[in-house]
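First the structure, in the form of structure tokens, and then the observations on it.
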């Protein structure tokens with residue numbers, strides 16, 4: 001029916017740059033957060049329902065699998081937050097030069113590690129020291 | 001005046017006139033979520049414990065339920081828009097794509113309502129403690 005339409009340059013054509021990885025990681029972390037959103041609401045629903053429902057959620061979250069999921073969710077949150085700020089900055093027309101984009105990608109990774117580590121530290125040890 | 005030819009319009013090529021709104025709402029919810037999510041995490045970490053009593057007391061106090069419902073709404077909306085784009089990009093089969101978009105939209109609305117209901121229920125049934 002339609003003629004072959006011209007094709008934009010796509011993944012197979014570009015040489016890999018690590019800014020590509022930060023780009024796809026934004027989507028990946030967003031998907032993780034979309035799943036995490038359901039868990040947040042599940043937790044609130046349990047808190048609204050009462051102690052027995054809440055204990056069930058605590059049991060799941062407290063298991064090693066739950067802790068792993070929570071850590072992954074935290075990492076995704078920190079990354080999506082900082083890379084999202086990077087996107088908002090781009091939306092204002094700033095930081096779009098290649099060197100700037102590479103530098104900001106590095107800052108996003110550093111900030112993500114720091115925030116994740118800090119929240120993880122406070123969550124695990126904060127109760128005892130504070 | 002349109003720059004599209006009539007033939008192009010009939011074939012459904014070109015703007016559906018809703019792209020700007022999608023883009024804009026994604027940004028507005030993003031900007032809203034930055035302070036709200038940070039507030040949520042900081043508040044949660046500052047609770048004496050995550051036992052049901054402490055959590056409910058916090059959820060019910062002052063502006064917390066208002067901000068929590070706003071957080072849930074912005075999060076659901078932002079998530080729905082983001083998931084929509086991902087589904088549109090990666091599912092090639094048209095029927096499956098439409099089904100997935102349909103399901104995602106309804107599910108996001110459902111979860112947002114559930115979360116808001118939970119917050120309200122906690123806020124309206126937790127007795128106010130002195131101090």
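Under the definition of partner shielding as Cβ atoms of other protein chains within 10 Å of a residue Cβ, what is the mean value for peptide B:112-119? Before the final figure, lay out each step's value.
Working: counts 2, 1, 6, 9, 2, 4, 10, 5.
Neighbouring Cβ atoms belonging to other protein chains average 5 per residue here.
Evaluate peptide B:69-82: per residue, the Cβ atoms of other protein chains within 10 Å of its Cβ; return the mean as an integer.
3
On average, how many beta carbons from a partner chain sit within 10 Å of the beta carbon of a residue in B:101-109?
1
Calculate how steeply helix B:94-125 sits against the longest principal axis of the alpha-carbon atoms of chain B, using the helix alpha-carbon long axis, and give the answer as 0 to 90 degrees to the nearest 10.
Approximately 20 degrees, to the nearest 10.
For chain B, modelled as a Gaussian network with Cα springs under 10 Å, which listed residue fluctuates most, B:110, B:36, B:50?
B:50
Using the per-residue mean of other Cβ atoms lying within 10 Å as a proxy for protection, in what order, highest first, do the peptides A:32-44, A:105-117, B:84-96 fall?
A:32-44, A:105-117, B:84-96
Rounded to a whole number of µm²/s, how large is the Stokes-Einstein D of chain A at 10 °C and 1.306 mPa s, given Rh as the Kirkwood radius over C-alpha pairs?
The Stokes-Einstein estimate is 90 µm²/s.
Build a GNM of chain B with springs between Cα atoms under 10 Å: which of B:22, B:108, B:78 gets the top mean-square fluctuation?
B:22
I'd like the distance separating the alpha-carbon centroids of the stretch A:5-64 and the stretch B:66-131, in whole Å.
13
Rounded to the nearest 10 degrees, what's the angle between the helix A:98-129 long axis and the longest principal axis of chain A, both from Cα atoms, 0 to 90?
Orientation of helix A:98-129: about 0 degrees from the principal axis.
May I ask for the angle, rounded to the nearest 10°, between helix B:19-46 and the longest principal axis of chain B, with both axes built from Cα atoms and the value confined to 0 to 90°?
Helix B:19-46 sits roughly 20 degrees off the main axis of chain B.
What's the ranking of A:52-64, A:78-90, B:54-66 by average number of surrounding C-beta atoms within 10 Å, highest first? Write down the numbers at each step before the final one.
Values: A:52-64: 13.9, A:78-90: 19.5, B:54-66: 16.1.
Result, highest mean Cβ count within 10 Å first: A:78-90, B:54-66, A:52-64.
All of the numbers you see were taken from the coordinates with simple rules; none came from a lab. Computed from a predicted structure; not experimentally measured. All Cβ positions, glycine included, derive from the backbone under ideal geometry; neighbour counts span all protein chains shown.
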